[in-house]
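The values are calculated or read from the model by the stated rules, or taken from the named source; none is laboratory data. As the structure is a prediction and not an experimental result, all values here were calculated from the model. Please note: Cβ atoms are built from the backbone with ideal geometry, for glycine as well, and neighbour counts cover all protein chains shown.
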Amino acid sequence: MSNASPTSARTPTPISDLRSPISATAPAAAPRGVTGNILTSDAAGAAKTETAPFGHALVRAGETDTRIVGLTADLGKYTDIHVFADKFPTRFFQMGMAEQSLIGAACGLARTGLVPFATTYCVFATRRAYDFIAIGAALGRANVKIIAGLPGLTTGYGGTHQGIEDLALMRSIPGLTVIDPCDAIETAQATAAIAQHDGPVYMRLLRGVVPVTLEADYKFEIGKARLLVDGADVAFISTGLMTTRALEAARTLAASGVKAAVLHVSTLKPFDRAAVAALLARVPRIVTAENHFITGGLASAVADLAVDERLPIHLKRVGIPDVFCESGSLPYLAERYGLTAAHLVSAAQEVLR
């Protein structure tokens with residue numbers, strides 16, 4: 001089944017800028033645009049970017065560890081694993097449009113001592129192959145790495161393609177490590193880390209042209225949160241690409257004299273309870289920020305911890321509400337569903353009142 005040529009993307013025909021309101025509070029003037037390039041992440045406004053950080057990091061890992069193999073379900077160039085396929089064609093398997101077979105085969109390969117990286121979209125992995133991840137990978141302790149593209153609102157193709165509940169589903173599986181990287185630097189570092197980690201991993205993917213947000217000396221570690229900015233007035237606890245926006249919000253607040261901390265939690269499971277609890281104890285005004293439903297993901301993990309530790313906090317959750325999202329441009333969707341840096345500033349101002 002080896003095939004180094006990625007096949008076509010499984011996406012509907014683009015629908016330009018659908019802006020029908022779902023509530024009376026919809027913004028009067030939404031950013032215009034189209035659904036976006038299915039091959040790339042949203043890098044608009046980024047001062048620096050890198051191309052295919054996951055694919056190139058996987059190649060580097062594969063050069064030193066011959067056990068690493070790649071698999072995809074008809075989405076080679078749309079998940080950046082085509083870079084690995086071009087370098088190691090005999091270690092790449094094109095599984096076709098069959099996500100259950102993708103995960104099942106990856107688990108089987110892991111049983112032989114290989115380290116399989118299986119790529120598809122969030123929605124296809126978690127909705128179509130949930131049982132295979134839960135039983136074959138997690139219960140079976142298979143050394144499988146599931147790499148999931150189009151997390152949250154990183155695509156404009158609507159509810160069929162937007163992975164808005166995947167973190168909640170994956171966090172609920174015992175023994176599964178769950179990671180949501182911030183940028184190109186962390187995507188590459190996390191890829192190297194999970195290649196060496198013994199056990200099943202679910203990692204969200206930023207692909208194509210990916211912004212660089214974190215400093216060059218940033219070090220990713222599985223299960224560790226990183227305090228990127230300190231402050232005593234309010235704290236952002238963020239994950240994934242929302243950390244970029246939290247940092248922007250912190251800079252905006254600083255200009256008005258508000259000192260905001262930013263704690264980046266890239267590993268949702270295992271959750272860094274010590275780092276989060278320490279921040280909640282000294283900065284009780286909290287805004288969580290995630291490119292995901294506001295239930296079941298980062299906000300829920302923070303709230304659970306606050307209850308467990310009896311920490312009195314004022315918590316505002318920024319994330320996707322309980323809806324399937326529209327199709328539209330990425331700037332429109334971020335504005336429509338409240339995921340911009342400006343929304344984070346407003347949330348911080350609310351908890352400070």
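Picking from residues in segment 237-246 that are more than 15 Å from Ala278 (Cβ to Cβ) and out of contact with any Cys (no Cβ under 9 Å at 6 or more places or on another chain), the one that is surrounded by the fewest Cβ atoms within 10 Å (Cβ to Cβ) is Arg245.
Listed here are the residues, each with its yes/no results for (1) part of a loop (DSSP other than H, G, I, E, B); (2) in the same structural domain as Ala334 (by TED's automatic domain parsing); (3) of a type in the set (Lys, Arg).
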| site | (1), (2), (3) |
| --- | --- |
| Lys77 | yes, no, yes |
| Asp86 | no, no, no |
| Ala110 | no, no, no |
| Thr119 | no, no, no |
| Arg127 | no, no, yes |
| Ile146 | no, no, no |
| Thr154 | yes, no, no |
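Based on what the data block shows, is Gly297 of a type outside the set (Asp, Glu), at positive phi and buried (at least 17 other Cβ atoms within 10 Å of the Cβ)? Against the criterion (of a type outside the set (Asp, Glu), at positive phi and buried (at least 17 other Cβ atoms within 10 Å of the Cβ)), Gly297 does not qualify.
All conditions in (1) of a type outside the set (A, V, I, L, M); (2) within 26 Å of Asn143 (Cβ to Cβ); (3) in the same structural domain as Gly319 (by TED's automatic domain parsing) hold for Lys219, with the sole exception of (3). Evaluating Asp80 against the criteria (1) of a type in the set (D, E, K, R); (2) in contact (Cβ under 8 Å) with a residue 40 or more places away in the chain; (3) within 15 Å of Ala142 (Cα to Cα) leaves one unmet condition, (3). Of all the criteria given as (1) assigned to a strand (DSSP E or B); (2) closer than 25 Å to Val212 by Cα, the one not satisfied by Val59 is (1).
Only one of these is assigned to a helix (DSSP H, G or I) and touching a residue at least 60 places away in the same chain (Cβ under 8 Å): Val318, Val302. Name it. Quick ask: steps written out before the conclusion?
On the way: Val318 fails: assigned to a helix (DSSP H, G or I).
From the options Val318, Val302, the qualifying one is Val302.
The conditions of being assigned to a helix (DSSP H, G or I) and at pLDDT 95 or above are met by Thr191.
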